[in-house]
1. Of the numbered conditions (1) more than 16 Å from ligand 2 (Cβ to nearest atom); (2) part of a loop (DSSP other than H, G, I, E, B), VAL51 fails exactly one; give the number of that condition.
2. Can you tell me which of (1) within 16 Å of ligand 1 (Cβ to nearest atom); (2) over 15 Å from THR9 (Cα atoms); (3) in contact (Cβ under 8 Å) with a residue 60 or more places away in the chain is the one LEU137 doesn't meet?
3. Please work out which residue is surrounded by the fewest Cβ atoms within 10 Å (Cβ to Cβ), limiting yourself to region 28-42 and to residues that are in contact with a helix residue (DSSP H, G or I) (Cβ under 7 Å, 6 or more places away or on another chain) and part of a strand (DSSP E or B).
4. Of these, ARG149, ARG169, ARG174, which one is at pLDDT below 95 and either loosely packed, with under 13 Cβ neighbours inside 10 Å or part of a helix (DSSP H, G or I) (or both)?
5. Checking THR45 against (1) under 21 Å from TYR106 (Cα atoms); (2) away from ligand 1 (no atom under 16 Å from the Cβ); (3) touching a residue at least 24 places away in the same chain (Cβ under 8 Å), which single condition isn't satisfied?
6. Among all residue pairs at least 6 apart or on different chains, which show Cβ distances below 8 Å where the first residue, located in region 178-193, is touching a residue at least 12 places away in the same chain (Cβ under 8 Å) and under 15 Å from ASP138 (Cα atoms) and the second is among the polar types (S, T, N, Q) and within 8 Å of ligand 1 (Cβ to nearest atom)?
7. Taking the residues in region 73-111 that are in a helix (DSSP H, G or I) and under 12 Å from the mean Cα position of the chain (by Cα) as candidates, determine which candidate is surrounded by the fewest Cβ atoms within 10 Å (Cβ to Cβ).
8. Are there any pairs with C-beta distances below 6 angstrom linking a residue in region 28-40 that is among the aliphatic types (A, V, I, L, M) to a residue that is part of a loop (DSSP other than H, G, I, E, B) and at pLDDT 95 or above, with the two at least 6 apart or on different chains, and if so which?
Amino acid sequence: MTQCGCFITIEGLEGAGKSSCLSQIERLLRDRGLDPLLTREPGGTPLGEAVRGLLLAPAHHGMSAEAETLLLFAARAQHLEQVIRPALQAGRPVVCDRFTDATYAYQGGGRQLGEARIAVLEDWVQQGLQPDLTLYLDVPPRLGLERARQRSAPDRFEQERLEFFERARAVYLRRAERFPVRMKVIDASRPLAEVQAEIAAVITRMLDDGLD
Ligand SMILES: Nc1ncnc2c1ncn2[C@@H]1O[C@H](COP(=O)(O)OP(=O)(O)OP(=O)(O)O)[C@@H](O)[C@H]1O
Ligand SMILES: [Mg+2]
């Protein structure tokens, strides 16, 4: 089996199409003889999935921004130790539906905690580990929320006001400008087939460049 211990994350607002693109990316990697591990945040471990339940439950509407951020990083610490680092060390690509860019966007931007406080936790938990490639699926919040609402009842985040998502989107776009090599902005307001064609081109380029 070919080896590529590359770490790919998919980011975007609710309903941007992250989950829809995950299985396509899996197929692309398998076609290249790789054995990808697909996972998600918050979640990815039994502890992380339990934390996800706490984070998304509308019942916890009074959760402080700080408590929320610490829960996200607690789940992330477990995910890194139990799943992500071992897979990368074994030479498997890891594809993760959301990662720390989402914390900068939602808690840093949406909840207005700011970047600096997130960066402290990022350093503490990740100790320098960063994704090799981040696909940021960009959609106007209204469009994403419409798509998400057609799919299921709104979770605690999806109940936020439009301004929350506008702030989150602005952070995503700012980070994409700041990290142009790692982060690729994909216009996800287009039909899924077009979005997937662009993703295929980006992944193929990454594999051909031998990013491992
Ligand atoms: N480019 C697209 N055009 C139209 N519909 C789309 C597109 N991408 C995804 N969808 C549809 O929108 C809905 C949300 O997509 P998906 O679940 O993949 O988004 P997501 O980014 O994973 O959302 P969440 O953040 O809520 O998990 C699904 O019903 C999906 O079929
Ligand atoms: Mg999803």
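1. Result: VAL51 passes all but (2).
2. Condition not satisfied by LEU137: (2).
3. Within region 28-42, the first condition is being in contact with a helix residue (DSSP H, G or I) (Cβ under 7 Å, 6 or more places away or on another chain), and the residues that meet it are 28, 32, 36-39, 41-42.
Going one step further and asking which of them are part of a strand (DSSP E or B), we end up with 37-39.
On the way: LEU37: 18, LEU38: 16, THR39: 20.
The residue in question is LEU38.
4. Values: ARG169 fails: at pLDDT below 95; ARG174 fails: at pLDDT below 95.
Of ARG149, ARG169, ARG174, the one residue that is at pLDDT below 95 and either loosely packed, with under 13 Cβ neighbours inside 10 Å or part of a helix (DSSP H, G or I) (or both) is ARG149.
5. With respect to (1) under 21 Å from TYR106 (Cα atoms); (2) away from ligand 1 (no atom under 16 Å from the Cβ); (3) touching a residue at least 24 places away in the same chain (Cβ under 8 Å), THR45 is out only on (1).
6. Qualifying pairs under 8 Å: LEU192/SER20.
7. Taking region 73-111 first, the residues in a helix (DSSP H, G or I) are 73-89, 100-110.
Okay, now just the ones that are also under 12 Å from the mean Cα position of the chain (by Cα), so 76, 100-106.
Numbers: ARG76: 25, THR100: 26, ASP101: 24, ALA102: 24, THR103: 25, TYR104: 22, ALA105: 26, TYR106: 26.
Looking at the filtered set, the residue picked out is TYR104.
8. LEU29/PRO36; LEU29/PRO93; LEU34/PRO93; LEU37/ARG92
The values are calculated or read from the model by the stated rules, or taken from the named source; none is laboratory data. Here the structure is a predicted model, which means the values were calculated and not measured. Cβ: placed from backbone, ideal geometry, glycine included. Neighbour counts: every protein chain shown.
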